[in-house]
Amino acid sequence: MEERLQKLLSGAGVCSRRAAEDYIAAGRVTVNGAAAVLGQKADPERDEILVDGRPLAPGAGPVYLMLNKPRGYVTTLADEKDRRTVASLVADCGVRVYPVGRLDLDSEGLLLLTNDGDWAQGILHPSHEVEKTYHVSVFGPVRGAAERLSAITELEGEPIAPAKVEVLRETARTAVLAVTIHQGKNRQVRRMCARCGLTVKRLRRVREGTLELGDLPPGKWRRLTDKEIQELRGIS
């Protein structure tokens with residue numbers, strides 16, 4: 001059955017439908033040897049569809065995973081520095097999936113992966129303001145840190161929405177804070193802590209939208225339930 005190329009690329013886990021338009025416009029997609037055009041339809045059972053010269057893999061249906069990312073893994077499918085990637089942790093899921101957002105090398109916790117590009121874009125789009133909560137272990141001048149962190153409205157001249165910050169534990173020089181943001185600027189929580197003179201010892205994402213990490217062991221993954229998928233779809 002013929003379908004738009006954008007839908008075929010998204011269904012095969014190549015990219016979102018929006019990104020597929022860029023692929024097509026850039027000449028990266030061909031159908032039966034000819035460069036594809038926007039709006040074109042094709043039948044994967046009958047037509048030869050290539051992306052960057054490689055055959056389009058048949059869609060395996062949408063897959064939605066939650067991984068508890070450990071430290072020391074980069075949130076990419078391949079790494080030019082030969083570092084360990086999150087792709088290696090979910091290789092046994094049977095489908096090529098892509099990270100939804102990022103966690104830096106030294107951060108850990110809840111990471112979503114999927115082959116549903118449109119669902120991923122819905123969660124990532126800034127207009128949907130999907131909240132993410134991090135448990136952050138810090139060292140330094142911790143007294144009043146929650147108030148200082150929640151008062152930050154710009155980083156290096158770039159405006160940010162105020163974070164919600166709660167003190168979970170505190171001693172004279174250390175604290176564990178729950179920091180909730182929804183913008184997800186590059187290394188935002190670490191940069192906020194540095195602004196307040198705090199050294200981050202551990203940063204772990206424990207919630208994204210309605211989804212909580214729970215007791216999933218580090219390095220392990222599980223499939224989302226239908227209810228979890230729909231709840232995330234509802235806020236994205």
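The rows are residues; the columns are (1) in a helix (DSSP H, G or I); (2) in contact with a strand residue (DSSP E or B) (Cβ under 8 Å, 6 or more places away or on another chain); (3) of a type outside the set (D, E).
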| residue | (1), (2), (3) |
| --- | --- |
| M1 | no, no, yes |
| L8 | yes, yes, yes |
| E21 | yes, no, no |
| M66 | no, yes, yes |
| L77 | no, yes, yes |
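Residue count for the stretch 45-64 satisfying the condition of being part of a loop (DSSP other than H, G, I, E, B), within 14 Å of Q6 (Cα to Cα) and in contact with a strand residue (DSSP E or B) (Cβ under 8 Å, 6 or more places away or on another chain): 1. Only one entry in D92, D79 is among the charged types (D, E, K, R), under 22 Å from L211 (Cβ atoms) and either within 15 Å of the chain's Cα centre (by Cα) or modelled with pLDDT under 90 (or both), namely D92.
Within the span defined as the stretch 31-40, every residue fails to be farther than 24 Å from P218 by Cα, in contact (Cβ under 8 Å) with a residue 40 or more places away in the chain, buried (at least 16 other Cβ atoms within 10 Å of the Cβ) and of a type in the set (G, A, S).
The set of residues from the stretch 192-236 being at pLDDT 95 or above and in contact with a His (Cβ under 6 Å, 6 or more places away or on another chain) comprises R204, V206.
Taking the numbered list (1) of a type in the set (S, T, N, Q); (2) part of a loop (DSSP other than H, G, I, E, B); (3) touching a strand residue (DSSP E or B) at 6+ places or on another chain (Cβ under 7 Å) in turn, Q183 passes all entries but (3). Restricted to the stretch 170-186, and to residues there that are surrounded by fewer than 11 Cβ atoms within 10 Å (Cβ to Cβ) and at pLDDT 95 or above, the residue that is nearest to H128 (Cα to Cα) is T171. Among the residues of the stretch 118-141, some residue qualifies, meaning at least one is assigned by TED's automatic domain parsing to the domain that holds T180, over 22 Å from the mean Cα position of the chain (by Cα) and of a type in the set (A, V, I, L, M). Among the residues of the stretch 186-222 satisfying the criterion of being hydrophobic (A, V, I, L, M, F, W, C) and in a strand (DSSP E or B), which is farthest from G144 (Cα to Cα)? Out of the qualifying residues, it is W221. Checking R18 against (1) under 26 Å from D92 (Cβ atoms); (2) at pLDDT below 90; (3) not assigned by TED's automatic domain parsing to the domain that holds K227; (4) not hydroxyl-bearing (S, T, Y): exactly one of these is not met. Which one? R18 satisfies all of (1) under 26 Å from D92 (Cβ atoms); (2) at pLDDT below 90; (3) not assigned by TED's automatic domain parsing to the domain that holds K227; (4) not hydroxyl-bearing (S, T, Y) except (1).
Consider the stretch 79-107 and keep the residues that are aliphatic (A, V, I, L, M) and assigned to a loop (DSSP other than H, G, I, E, B). The one that is surrounded by the fewest Cβ atoms within 10 Å (Cβ to Cβ) is L105.
Apart from one condition, V167 fits all of (1) surrounded by fewer than 19 Cβ atoms within 10 Å (Cβ to Cβ); (2) in contact with a Leu (Cβ under 8 Å, 6 or more places away or on another chain); (3) part of a helix (DSSP H, G or I); the exception is (3). I want to confirm something. Restricting to the stretch 1-10 and keeping residues that are more than 16 Å from L50 (Cβ to Cβ) and not hydroxyl-bearing (S, T, Y), which single residue is modelled with the lowest pLDDT? Of everything passing the filter in the stretch 1-10, M1 is modelled with the lowest pLDDT.
The values are calculated or read from the model by the stated rules, or taken from the named source; none is laboratory data. Note that the structure is predicted; figures quoted are calculated from it, not measured. With ideal geometry, Cβ positions are generated from the backbone for all residues, glycine too; neighbour counts draw on all protein chains shown.
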